[in-house]
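So the structure is just underneath, and the comments pick up after that.
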Amino acid sequence: MGKVIVVTSGKGGVGKTTSTAALGAALAQRGDKVVVVDFDVGLRNLDLVMGAERRVVYDLVNVIQGDAKLPQALIRDKRVESLFLLPASQTRDKDNLTPEGVERVIGELKEHFDWIICDSPAGIERGATLAMRHADIAVVVTNPEVSSVRDSDRIIGLLDSKTVKAESGERMEKHLLLTRYDAVRAERGDMLKVDDVLEILSIPLLGIIPESMDVLKASNIGAPVTVADSRSAPALAYFDAARRLAGEILPITVPGDKRSGGLLSKIFSRRAA
Amino acid sequence: MSIFRLFKKQSSAPVARERLQVLLAHERVSTGNDLVQLLREEILAVIAKHVDLDNERVQVKMDRDEHVSILEIDVEIPRDATKQAA
Ligand SMILES: Nc1ncnc2c1ncn2[C@@H]1O[C@H](COP(=O)(O)OP(=O)(O)OP(=O)(O)O)[C@@H](O)[C@H]1O
Ligand SMILES: [Mg+2]
């Protein structure tokens, strides 16, 4: 049975879609069978970031409403063989996502894939709560900035109360993915420090993704950053994060920090279970 | 802009951290479960029996840890209010 991951944040524009594509591709590049699911109904973007926008025929809403079978809606990635996309609808609104429908589709995907990665819409409304509903693991995407941290705190509260896991008294596995990290601003003291964010949110760290032009370039050409330029700094950070998701224990490197393997990274690796 | 800002290197991150900690302690109480609210009221009542205190200076919060939740009670007691208790 596959594992369901929700990539969520509360705040918009922090890097959920970028991270869904990059982590999904990174896990598939290891050979796992992965499907990335776009829950941003009405504002879909994952197809664009994955470079599959012209191949969308059916979407999640079609499958939920029974207009299409799951295999008809799944799009296989052209570059990574074991990577699939289930796109969102662009024309309908999120009211077409029913809790029962989502449950059925997720259940079906779990039988066929190792990882089901759900790209959540921003906000804390229906779309976001449906995206997290069946998750086994949550990746909380946060920028080192006050409003993003505040919204992440809110989302963590929802993950601990509104999910199937939480309702059945189980512990939801949550990981912090710090994105758009700017080493220069960190050095100047004008950006929340990594351990400040960790202390405030108190969930283990999955990785730190640097602010980088490579992310923009990748989205321009329509490829996850781990595929577009697998040697770039954000790609390397996403590869490490994917390995941690798969259970490996690796020291965390802070982007721009030359002393990797230093005291800092030792501290972080202890906290990143 | 003050001329001193040219000389004094200020960093804004510590301010951000401070503001977040205060804000989130508050929000976790107000959006959290009724238990924290209830505890807060009863704890306040007990302490108020013995010392004068400002309701705003009492923070009750449920903190998440990886495995457990920690109930944190932070009571600020003015110097002169402690006289009878101390
Ligand atoms: N590490 C990064 N470096 C530079 N730019 C980034 C990085 N991560 C994301 N971006 C850019 O930020 C913008 C928002 O990213 P993305 O669409 O992934 O966010 P999102 O959280 O999915 O947004 P929404 O809430 O609207 O769905 C995009 O233009 C993306 O290219
Ligand atoms: Mg998005």
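Side notes on the structure shown:
- The charge dipole of chain A, taken about its Cα centre with unit charges on the Cβ of Lys, Arg, Asp and Glu (plus for the first two, minus for the last two), comes to roughly 500 debye.
- With only Cα atoms counted, the protein assembly as shown has Rg and Dmax values of 22.5, 77 Å.
- Gain in span if fully extended, B:Ala45 to B:Asp80, counting 0.36 nm per residue against the direct Cα distance: 10.7 nm
- Solvent accessible area, Å² - B:Ser12, 1.4 Å probe, full protein context: 60 Å²
- Shielded residues, the range A:169-202 - accessible-area loss of 20 Å² or more between chain alone and all protein chains, probe 1.4 Å: A:Arg171, A:Arg188, A:Gly189, A:Asp190, A:Leu192, A:Asp196, A:Glu199, A:Ile200, A:Ser202
- A simple spin-label model places the labels of B:His26 and A:Arg126 3.2 nm from each other, with each point 7 Å out along Cα-to-Cβ.
- Lys/Arg +1, Asp/Glu -1 at C-beta; the range A:3-246 dipole; positive extreme among A:Ile5, A:Ser202, A:Leu176: A:Ile5
- Extending 7 Å from the Cα toward the beta-carbon at both A:Asp190 and A:Thr91 defines two label points whose distance is 4.7 nm.
- In the A-B interface, the accessible area buried, summed over both sides, Å² (probe 1.4 Å): 1700 Å²
- Near A:Ser120: Cβ cut-off under 15 Å, other residues only, Lys/Arg at +1 and Asp/Glu at -1. The net charge is +3.
- Where a label projected 7 Å from the Cα of A:Ser147 along Cα→Cβ would reach, residues of the range A:189-212 with amide N under 18 Å: A:191-192
The values are calculated or read from the model by the stated rules, or taken from the named source; none is laboratory data. Because the structure is a prediction, the values reported are computed rather than measured. Heads up, the Cβs are rebuilt from the backbone with ideal geometry, glycines too, and the neighbour counts pull from every protein chain shown. Each accessible area value is taken on the protein alone, full model and side chains, heavy atoms only, with ligands, DNA and RNA left out. Shrake-Rupley method; radii C 1.70, N 1.55, O 1.52, S 1.80 Å.
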